[in-house]
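Worksheet for the structure shown next.
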Amino acid sequence: MTVRILFFSILQDITECDELEIEVPSGVKDIRQLLDFLYDRWPLLKDWSGKMLTAADLHYVDEEHILEDGQEIAIMPPVQGG
């Protein structure tokens, strides 16, 4: 399955990219497993574990969201304002 991942804000600095199209391993079925897969590639992302917001095709989703082939997954740090 292939998904497009968008990274925002500080997460772009950690991954050194703003978007990535990636083939996920067959065992990766949901957002939580996708994040674990990404933590292996970018260990510093794990510092944001439990704080990140995720969206699938422009709709906020939780970590139990089941991935679908071709989905666009956005991964964002918590919203902050001033």
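The values are calculated or read from the model by the stated rules, or taken from the named source; none is laboratory data. Here the structure is a predicted model, which means the values were calculated and not measured. Neighbour counts are summed over all protein chains in view; Cβ atoms, including those assigned to glycine, are modelled from backbone coordinates with ideal geometry. We work out accessible area using only protein heavy atoms, side chains counted, and drop any ligands, DNA or RNA first. Shrake-Rupley method; radii C 1.70, N 1.55, O 1.52, S 1.80 Å.
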*Ordered by residue, what ³J(HN,Hα) values in Hz, to whole numbers, does segment 44-49 give under the Karplus form 6.51 cos²θ - 1.76 cosθ + 1.60, where θ = phi - 60° and Gly and Pro are x?*
5, 4, 4, 4, 9, 4
*Carbon and sulfur %, accessible surface of segment 1-71 computed with the full protein complex present, 1.4 Å*: 50
_Suppose each label sits 7 Å from its Cα in the direction of the beta carbon; what would the TRP42-LEU58 distance come out to in nanometres?_
2.4
_Percentage relative contact order, the chain, counting C-alpha pairs under 8 Å, at least six apart_ = 41
*Mean 1/r over all different Cα pairs, inverted: what Kirkwood radius does the chain give, in Å?*
12.7
_Probe of 1.4 angstrom, ligands and nucleic acids ignored: what's the accessible area per residue over segment 1-53, in square angstrom?_
59
*Which far-off residues, 5 or more places away or on another chain, put their amide H under 5 Å from the one on GLU19, with H placed in the peptide plane?*
PHE7
*Using modelled amide H (1.01 Å from N, peptide plane; none on Pro or chain starts), what sits under 5 Å from the amide H of LEU53, excluding residues fewer than 5 places away?*
MET76
